[in-house]
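Visitor: Structure provided below as structure tokens; questions to follow.
The values are calculated or read from the model by the stated rules, or taken from the named source; none is laboratory data. All values reported here derive from a predicted model rather than from experimental measurement. Note: ideal-geometry Cβ built from the backbone for every residue, glycine included; neighbour counts use all protein chains shown.
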Amino acid sequence: MRVLHYWRAMAGIVGRELLRFLHQRERFVSALVRPLVWLFVFAAGFRAALGIAISPPYETYILYEVYITPGLLGMILLFNGMQSSLSMVYDREMGSMRMLMVCPLPRWFLLCSKLIAGTAVGVLQCYAFLGIAWLYDIQAPLPGYAWILPALVLGGMMLGALGLLLSSFIKQLENFAGVMNFVIFPLFFMSTALYPLWKIKESSVILYTLAQYNPFSQAVELIRFALYEQFNQQALIFTGAAFLAFMGAAIVGYNPSKGMMVKKGGGG
Amino acid sequence: MTDIALHIENLSFAYGATKALDRVGFNVRCGECTILLGPNGAGKSTLFSLITRLYDAREGRIELCGFDIKRQSLKALANLGVVFQQTTLDPDLSVTQNLRYHAALHGMGRKAADLRIREELERLHMFERRGEKVRQLNGGHKRRVEIARALLHNPRLLLLDEPTVGLDVPSRQAIVEHVHDLVKQQNLAVLWATHLIDEIAGQDSLIVLHKGQVKAEGKLADVLQATGCSDAGQVFQKFTQGGGQP
């Protein structure tokens, strides 16, 4: 009976997020426009400047557009995770987050359900992006499109958990601009999404080290290898560990007695 | 089964050095509407946050239908329906979709949920509007939907945090009457936070909260007799003078 309750609640939370996503078409379009601009404009423009040598998982020389496609999938998941964080802050300001927290289910379960719901939306966006990229002649082996599903899910969960953690610290929606400057941009630019590690090492060893241990890099590499039907154990371990760390901290952050919520104060 | 739906004992809470609640204690009984009266900043919202376990109190005890909110929180929360001060419905979803979402959170199956949704919406004369997006409803109708939602899972205690703020007089009256009918017909316990004196009915219980402390408590008639006041407005003035706007 209890299991049924959990199942229904999770289905309700995921279903609501998907319904909201379907009703907000502009959100879907804008989520796709960002990586597509990078693909069509940035990557095309830098194709000549940024030559890519042969390195795993690629077995031949590749175009720059091909190289950054997994990075752009990571970008979709990153922005989706932060969008979920934004929606949590908004929900809390508007009170609907309180409604969720009042239902008779453990808080960790509710947070995990929110995370799964947000990840489901992110994965849908990724596949839509891959569809357009296919038409643009960026084509991976067909089985790779099935291989990346677990990688996208784990990457999405890890970045979503980071978003959840941030949302437990952010009191007001206005503070979200800080997230852009201090979280999203550093994570994205100090990663292997746009340039391979060896190329970063050529210009700066410090940047190389940061990029190597950046959890976003690891998620991107997990996706990159999976897209070419390969398994990257190190990326899997790093991404999984980062997910557990972020999720654990987020659960503490939302704990009614220990978390940040207590320190923020209430109304009247 | 106890007729005390909410038991609060020696409850204190502070935001850092600022004390928001100071040794608050009272009971809310089934079949009673208890009005929690207090000016802005009295501690009403903090009290509601503690009852709904948004925060945990370090001092004191809260029991919902005999279940300790800290140690048996899931059993306690299963008995609770809440209408918060701000609208918490999703404006992009229909009335039914919003209510089904809430039913799912309480573990109700689709068939049982649809049955209860119909019952509650019909009682509030909102069934015909079940397919409309919440965004299209006016403030009064949104409140009705929120009350229907709070009652879907048949709670024993209904918390209302200033539910009529911003509504016109007929909408306010309709909600006040509906809630009092629920108390009589379903033996529901209601804790209604407000600063609007005219929402208090003669048979209600009253708790006056000011600066985090309970200043008066009891049946309205008993409080009037004990304080020598002629109405709830005077009671409010007497205990909250200089402490906020009624």
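Visitor: Starting from residues that are of a type in the set (A, V, I, L, M) and farther than 18 Å from B:Y101 by Cβ, keep the ones in segment A:99-131 and report whichever is surrounded by the fewest Cβ atoms within 10 Å (Cβ to Cβ).
Guide: Step one: list which residues in segment A:99-131 are of a type in the set (A, V, I, L, M), which gives A:99-102, A:105, A:110-111, A:115-117, A:120-121, A:123-124, A:128, A:130.
Checking the rest, the ones that are also farther than 18 Å from B:Y101 by Cβ come to A:123-124, A:128, A:130.
Details: A:V123: 20, A:L124: 18, A:A128: 15, A:L130: 21.
Among them, the one singled out is A:A128.
Visitor: Also, quick follow-up: Out of A:I237, A:I200, I need the residue that is in a helix (DSSP H, G or I), at pLDDT below 90 and either hydroxyl-bearing (S, T, Y) or out of contact with any Ser or Thr (no Cβ under 7 Å at 6 or more places or on another chain) (or both). Which one?
Guide: Just a single option satisfies the conditions, and that option is A:I200.
Visitor: Is it the case that some residue within segment A:161-173 is of a type in the set (S, T, N, Q) and in a helix (DSSP H, G or I)? First the steps, then the outcome.
Guide: Of all residues in segment A:161-173, those of a type in the set (S, T, N, Q) come to A:167-168, A:172.
Now narrow it down to the ones that are in a helix (DSSP H, G or I): A:167-168.
Yes, there is a match, as at least one residue in segment A:161-173 is of a type in the set (S, T, N, Q) and in a helix (DSSP H, G or I).
Yes/no per residue for (1) touching a residue at least 12 places away in the same chain (Cβ under 8 Å); (2) at the interface with chain A (Cβ under 9 Å from one of its Cβ atoms):
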{"position": "B:L64", "(1), (2)": "yes, no"}
{"position": "B:D68", "(1), (2)": "no, no"}
{"position": "B:L93", "(1), (2)": "yes, yes"}
{"position": "B:R100", "(1), (2)": "yes, yes"}
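Visitor: May I ask you to verify whether A:L39 is modelled with pLDDT of 75 or more, part of a helix (DSSP H, G or I), closer than 19 Å to A:L110 by Cα and more than 10 Å from chain B (Cβ to nearest Cβ)? Working first, answer last.
Guide: Values: modelled with pLDDT of 75 or more: yes; part of a helix (DSSP H, G or I): yes; closer than 19 Å to A:L110 by Cα: no; more than 10 Å from chain B (Cβ to nearest Cβ): yes.
Here the answer is no, as A:L39 does not meet what is asked.
Visitor: Can we say A:F129 is more than 19 Å from the chain's Cα centre (by Cα) and either in a helix (DSSP H, G or I) or β-branched (V, I, T) (or both)?
Guide: Details: more than 19 Å from the chain's Cα centre (by Cα): no; either in a helix (DSSP H, G or I) or β-branched (V, I, T) (or both): yes.
No; evaluated as a whole, the condition is false for this residue.
Visitor: Looking only at segment A:1-26, count every residue that is at the interface with chain B (Cβ under 7 Å from one of its Cβ atoms), touching a residue at least 40 places away in the same chain (Cβ under 8 Å) and not aliphatic (A, V, I, L, M) and tell me the total.
Guide: So the count comes out to 2.
Visitor: Scanning segment A:132-151 for residues that are in contact (Cβ under 8 Å) with a residue 60 or more places away in the chain and more than 22 Å from the chain's Cα centre (by Cα), which turns out surrounded by the most Cβ atoms within 10 Å (Cβ to Cβ)?
Guide: Among residues in segment A:132-151 that are in contact (Cβ under 8 Å) with a residue 60 or more places away in the chain and more than 22 Å from the chain's Cα centre (by Cα), the one surrounded by the most Cβ atoms within 10 Å (Cβ to Cβ) is A:Y136.
Visitor: Can you give me the ranges of the strands (runs of 3 or more DSSP E) entirely in segment B:136-246 with at least 2 residues that are surrounded by fewer than 20 Cβ atoms within 10 Å (Cβ to Cβ) and touching a strand residue (DSSP E or B) at 6+ places or on another chain (Cβ under 7 Å)? Don't jump to the end; show me each part of the working.
Guide: Numbers: elements: B:157-161, B:189-194, B:205-210, B:213-219.
Where strands (runs of 3 or more DSSP E) fall fully within segment B:136-246 and carry at least 2 residues being surrounded by fewer than 20 Cβ atoms within 10 Å (Cβ to Cβ) and touching a strand residue (DSSP E or B) at 6+ places or on another chain (Cβ under 7 Å), they are B:213-219.
Visitor: Still on this structure, I have one more. Mind checking whether some residue in segment A:38-58 is out of contact with any helix residue (DSSP H, G or I) (no Cβ under 7 Å at 6 or more places or on another chain), surrounded by fewer than 14 Cβ atoms within 10 Å (Cβ to Cβ), without any contact (Cβ under 8 Å) to a residue 24 or more places away in the chain and not small (G, A, S)?
Guide: Yes, some residue in segment A:38-58 is out of contact with any helix residue (DSSP H, G or I) (no Cβ under 7 Å at 6 or more places or on another chain), surrounded by fewer than 14 Cβ atoms within 10 Å (Cβ to Cβ), without any contact (Cβ under 8 Å) to a residue 24 or more places away in the chain and not small (G, A, S).
Visitor: Might you check whether a residue that is assigned to a loop (DSSP other than H, G, I, E, B), polar (S, T, N, Q) and more than 7 Å from chain A (Cβ to nearest Cβ) occurs anywhere in segment B:70-84?
Guide: yes
Visitor: On the basis of being surrounded by fewer than 19 Cβ atoms within 10 Å (Cβ to Cβ) and farther than 12 Å from A:A151 by Cα, does A:E229 make the cut? Full working, then the answer.
Guide: Working: surrounded by fewer than 19 Cβ atoms within 10 Å (Cβ to Cβ): yes; farther than 12 Å from A:A151 by Cα: no.
When the stated conditions are applied, A:E229 does not pass them.
Condition check ((1) farther than 24 Å from A:R8 by Cα; (2) out of contact with any helix residue (DSSP H, G or I) (no Cβ under 6 Å at 6 or more places or on another chain); (3) at the interface with chain A (Cβ under 10 Å from one of its Cβ atoms); (4) at pLDDT 95 or above) across all residues:
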{"position": "B:D90", "(1), (2), (3), (4)": "no, no, yes, no"}
{"position": "B:E119", "(1), (2), (3), (4)": "no, yes, no, no"}
{"position": "B:R130", "(1), (2), (3), (4)": "no, no, no, no"}
{"position": "B:H141", "(1), (2), (3), (4)": "yes, yes, no, no"}
{"position": "B:E146", "(1), (2), (3), (4)": "no, yes, yes, no"}
{"position": "B:A150", "(1), (2), (3), (4)": "no, yes, yes, no"}
{"position": "B:L160", "(1), (2), (3), (4)": "yes, yes, no, no"}
